[in-house]
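S.K.: There's a structure below that I have some questions on.
The values are calculated or read from the model by the stated rules, or taken from the named source; none is laboratory data. Everything numeric here is computed off the predicted structure, so don't read it as measured data. Here Cβ is always computed from backbone atoms with ideal geometry, including for glycine, and neighbour counts include all displayed protein chains.
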């Protein structure tokens, strides 16, 4: 074969590959709708969409601090840079006011916006793709019924080459499995409904499943724990505290209220999740609890006895001043009895945070506390970031770890404190 023929063959193959790649990446724009063409929706669809938005925790990501609900602008840190959440109100210039239902559905199912651009998977369409057309319709009805808010969203701040959107099409080839979830006939209606919500709109795996270097969920390690906004999301398929499995009823109460007397209070990003779920359908939340409980083999049985409270007695070498800080600042609420006071503080031997392999959540709670968002009070803990030095916080974290978990001391406490302070306070 002549050199010219070899070059011609190589060039032809390259051109075919490039064209095939462009054909895969390219998506056509969907024509905008005019204000006069805005569809009308019945109240039932709007109300259902509002409940589904609560289950999806949509307002949490799409509302910046001090901003209008769903008007976007919240910064979402990722390992690849910062992404700013979009405006979901029907403003025609900065929101989705010109989006048809077809365009909205494509974004939810395929991760492509109205103009044909690839959407970054910080928007969890890898879960939303499982939503039914009826639920997509209800969500669209709800968002289009909102008051339009003009809110220009900052440009994303992503490192090269991740700022090149067509690369997302390759990510989808690896990690996007489209389509509805087929019901499991061997399971109950509640289990199937819960699975649909947890795996779909609830996108629980986005936080509670570890991710690989490309940001895709490790499906073979589903629900073994992950990371969310500077917090460690605990595993859902096992308990970190021995003999401390959740029942369905306990999970349903926790998801609806953000607290359970044997499991404690929701903190960090989970506090926002439970705040929204508390306003969602009780039947849907119960179904989610049924499915989540099944991940660890738990059921709705009544525990035979309360989990044992542990004082491992491994803190004898603690510095006296740290013991004094604990006794003065912590012990009154975190008593060693299976009872709670007005702050609803958990006996620390039942705390998931101090049983985790890393000190992340314990440090976050000590630094930033737990803010009550309920009008009638609820779980509360003051923040100690301005009261204690980093050395005192590290020593206090180690003290409760060794005293109440019976596990070896952490090795990363000071690093976790520095990281948490750099990230800023999380509510």
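S.K.: Against the condition surrounded by fewer than 22 Cβ atoms within 10 Å (Cβ to Cβ), at pLDDT below 90 and part of a helix (DSSP H, G or I), how does residue 392 come out, does it pass?
M.R.: Values: surrounded by fewer than 22 Cβ atoms within 10 Å (Cβ to Cβ): yes; at pLDDT below 90: no; part of a helix (DSSP H, G or I): yes.
When the stated conditions are applied, residue 392 does not pass them.
S.K.: Can I ask one more? From 121, 148, 166, which residue is farther than 22 Å from residue 31 by Cα and in the same structural domain as residue 62 (by TED's automatic domain parsing)? So that I can check it myself, show each step before the final result.
M.R.: Values: 148 fails: farther than 22 Å from residue 31 by Cα; 166 fails: farther than 22 Å from residue 31 by Cα.
Of the residues listed, the single one that is farther than 22 Å from residue 31 by Cα and in the same structural domain as residue 62 (by TED's automatic domain parsing) is 121.
S.K.: Residue check: is residue 180 modelled with pLDDT under 95 and not assigned by TED's automatic domain parsing to the domain that holds residue 72?
M.R.: Numbers: modelled with pLDDT under 95: yes; not assigned by TED's automatic domain parsing to the domain that holds residue 72: yes.
So residue 180 fits the description; yes.
S.K.: Could you please give the count of residues in region 395-411 that are surrounded by fewer than 17 Cβ atoms within 10 Å (Cβ to Cβ), modelled with pLDDT of 90 or more and closer than 12 Å to residue 348 by Cα? Reasoning before the result, please.
M.R.: Within region 395-411, the first condition is being surrounded by fewer than 17 Cβ atoms within 10 Å (Cβ to Cβ), and the residues that meet it are 406-409, 411.
Imposing the further condition that a residue be modelled with pLDDT of 90 or more reduces the set to 408-409, 411.
Keeping just the survivors that are closer than 12 Å to residue 348 by Cα gives none.
Total satisfying the criteria: 0.
S.K.: Going through region 245-283 one residue at a time, which ones are at positive phi and part of a loop (DSSP other than H, G, I, E, B)? Talk me through it step by step, then tell me what you get.
M.R.: To start, the set of residues in region 245-283 that are at positive phi comprises 258, 264, 268.
Selection gives 258, 268.
S.K.: Taking residue 161 and the conditions (1) modelled with pLDDT under 95; (2) under 22 Å from the mean Cα position of the chain (by Cα), which numbered condition does it fall short on, given that it satisfies the others?
M.R.: The number of the failed condition is (2).
S.K.: Here's something else I'd like to know. Out of 217, 229, 283, I need the residue that is at pLDDT 95 or above and either out of contact with any strand residue (DSSP E or B) (no Cβ under 9 Å at 6 or more places or on another chain) or surrounded by fewer than 18 Cβ atoms within 10 Å (Cβ to Cβ) (or both). Which one?
M.R.: Values: 217 fails: either out of contact with any strand residue (DSSP E or B) (no Cβ under 9 Å at 6 or more places or on another chain) or surrounded by fewer than 18 Cβ atoms within 10 Å (Cβ to Cβ) (or both); 229 fails: at pLDDT 95 or above.
Result: 283 is the single residue among 217, 229, 283 that is at pLDDT 95 or above and either out of contact with any strand residue (DSSP E or B) (no Cβ under 9 Å at 6 or more places or on another chain) or surrounded by fewer than 18 Cβ atoms within 10 Å (Cβ to Cβ) (or both).
S.K.: Looking at (1) in contact (Cβ under 8 Å) with a residue 24 or more places away in the chain; (2) crowded, with 17+ Cβ neighbours inside 10 Å; (3) closer than 18 Å to residue 344 by Cβ, which one does residue 223 not meet, given that it meets all the others?
M.R.: Only one criterion in (1) in contact (Cβ under 8 Å) with a residue 24 or more places away in the chain; (2) crowded, with 17+ Cβ neighbours inside 10 Å; (3) closer than 18 Å to residue 344 by Cβ is unmet by residue 223, namely (3).
S.K.: Next question, about the same structure. Regarding region 368-385, can at least one residue be identified that is closer than 21 Å to residue 343 by Cα, at pLDDT 90 or above and assigned to a helix (DSSP H, G or I)?
M.R.: yes
S.K.: Still on this structure: Using the structure shown, decide if residue 158 is out of contact with any helix residue (DSSP H, G or I) (no Cβ under 9 Å at 6 or more places or on another chain) and in the same structural domain as residue 38 (by TED's automatic domain parsing). Outline the logic, then answer.
M.R.: Numbers: out of contact with any helix residue (DSSP H, G or I) (no Cβ under 9 Å at 6 or more places or on another chain): yes; in the same structural domain as residue 38 (by TED's automatic domain parsing): yes.
When the stated conditions are applied, residue 158 passes them.
S.K.: What do you reckon, is residue 161 part of a loop (DSSP other than H, G, I, E, B), in contact (Cβ under 8 Å) with a residue 60 or more places away in the chain and surrounded by fewer than 18 Cβ atoms within 10 Å (Cβ to Cβ)? It would help to see each step written out before you state the result.
M.R.: On the way: part of a loop (DSSP other than H, G, I, E, B): yes; in contact (Cβ under 8 Å) with a residue 60 or more places away in the chain: no; surrounded by fewer than 18 Cβ atoms within 10 Å (Cβ to Cβ): yes.
So residue 161 does not fit the description; no.
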